[in-house]
Each structure stands twice: as structure tokens, then as C-alpha cells.
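S.K.: Have a look at this one.
Only the coordinates and a few stated rules stand behind these numbers; no lab work does. Every value quoted in this text rests on a predicted model; they were computed, and no experiment measured them. As a convention, Cβ positions derive from the backbone with ideal geometry for all residues, glycine included, and neighbour counts pool all protein chains shown.
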Amino acid sequence: MNKDVKLKGISKPGIVFNQGDILYGKLRPYLHNWFLPSFSGLAVGDFWVLQPKDADSSFLFRLIQGQQFDDVANQSIGTKMPRADWNLVSKTLFFVPTSIDEQALIGRYFRSIDNLITLHQRKLDKMKELKKAFFKFDF
């Protein structure tokens, strides 16, 4: 997501995505390459671009991170370079609230939890650095 393919002077085929679409890396799905972009662009590589229809993007983004989706996506095709099988994933039933407002509330709730986890992880990392610094001193 951090490279401008135009700068390489190579024209690569890809799939156009828009803000709110969900990118799901289907190659080696156990690596959990998923992204909810806040911009439009071109997905180059083995991605599904999931375009929510009558659904909330943030809810669906959390749904693909769930155990049920993960289990189905990891029943992949291929051994050397396993890929998630859309035929299998698309036939799987998922429990989804019918109200888009409820989906949005759930999506916001999990996004706030993710943000809180990130903040605490940063705090933990800083505390570990501080601990290392204290052990460098002779008392």
C-alpha cells in the first residue's frame, strides 16, 4: 500500500478499489493481509476487493477478521502458494444484522477496541524501553 506503481515505469494490471471497499489478500490467507482503505487506488496482486452492498464497511471488515471467515478462507486451494477459494467463501452463511445502523455500531465498537489495544501496546513498548534503560545503570 506504500508504493506508487507508476514510479516504477511498469504498467501492472490491478483491481480498482474505493474508500470503504475491503481488500482481502487471498494468497496465503493465514497471513491476514486485509485492509480497509480511507482512499481509492489500485489493488495489484492476489486481492479480493470486497465492495459492500447494503452493508457497513467497518462491520464487514471486522467480519473477515473473525474465526468463521478465517476457518473457511484457510480451506484453500493449492499447497505451495495456497489461495482462499471464493466459491467456498461465497457459499458460507454468516450471521449479519439486517440493520445497517446496527452493523455500523458494531463496526465502530470494534474499531474503538482496536484503537485502545494499539494505545496500550505503544505504552507497553515504551515501558519496556524504560526498563531496559534502567538496567543499563550501575546502582
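S.K.: Using amide H atoms built 1.01 Å from N in the peptide plane, name the residues 5+ places from Phe17, or on other chains, whose amide H lies under 5 Å from its own.
M.R.: Gly41, Leu42, Ala43
S.K.: Let's test the formula: R0 of 30 Å, r as the Cβ-Cβ distance of Leu42 and Arg83. What FRET efficiency results, to the nearest 0.05?
M.R.: That gives a FRET efficiency of 0.90.
S.K.: Starting with the fewest neighbours, write out Asp71, Asp46 ranked by other beta-carbon atoms found within 10 Å of each beta-carbon.
M.R.: Lowest to highest Cβ neighbour count: Asp71, Asp46.
S.K.: Could you work out how far helix 100-135 tilts from the main Cα principal axis of the chain, as a 0 to 90 degree angle to the nearest 10?
M.R.: For 100-135 against the chain, the angle is about 30 degrees.
S.K.: Can you run phi through the Karplus equation (6.51, -1.76, 1.60; θ = phi - 60°) for region 61-66 and list ³J(HN,Hα) in whole Hz, with x for Gly and Pro?
M.R.: Whole-Hz 3J(HN,Hα) from phi for region 61-66: 4, 6, 4, 5, 8, x.
S.K.: What list do you get for Val72, Val96 if you sort them by fewest beta carbons within 10 Å?
M.R.: Result, fewest neighbours first: Val96, Val72.
S.K.: In sequence order, what are the phi-derived ³J(HN,Hα) couplings for region 16-28 according to the Karplus relation 6.51 cos²θ - 1.76 cosθ + 1.60 with θ = phi - 60°, rounded to whole Hz, with x for glycine and proline?
M.R.: 5, 10, 10, 3, x, 6, 10, 9, 10, x, 7, 7, 6
S.K.: Given the options Thr92, Leu60, Leu124, identify the residue whose Cα lies farthest towards the positive end of the charge dipole of the chain (+1 on Cβ of Lys, Arg; -1 on Cβ of Asp, Glu).
M.R.: Leu124
S.K.: How big is the Kirkwood radius of the chain, worked out from every pair of different alpha carbons and given in Å to one decimal?
M.R.: By the Kirkwood definition, the hydrodynamic radius is 17.7 Å.
S.K.: For the residues Lys136, Lys26, what sequence is obtained by ranking on other C-beta atoms within 10 Å, fewest first? Don't jump to the answer; show the numbers that get you there.
M.R.: Details: Lys136 6, Lys26 20.
If I rank by nearby Cβ atoms, fewest first, I get Lys136, Lys26.
S.K.: What's the lysine pair count for the chain at a Cα cut-off below 29 Å, pairs eight or more apart or interchain?
M.R.: Taking the Cα cut-off of 29 Å, the pair count is 20.
S.K.: Want the number for Asn115 to Val96: 0.36 nm per residue separation, take away the alpha-carbon distance, what's left? Write out the running numbers ahead of the final one.
M.R.: Numbers: separation 19, 0.36 × 19 = 6.84 nm, distance 2.31 nm.
Contour length minus Cα-Cα distance gives 4.5 nm.
S.K.: Then there's this: What whole-number distance in Å separates the alpha-carbon centres of region 12-41 and region 91-139?
M.R.: Between the Cα centres of region 12-41 and region 91-139 lies a distance of 21 Å.
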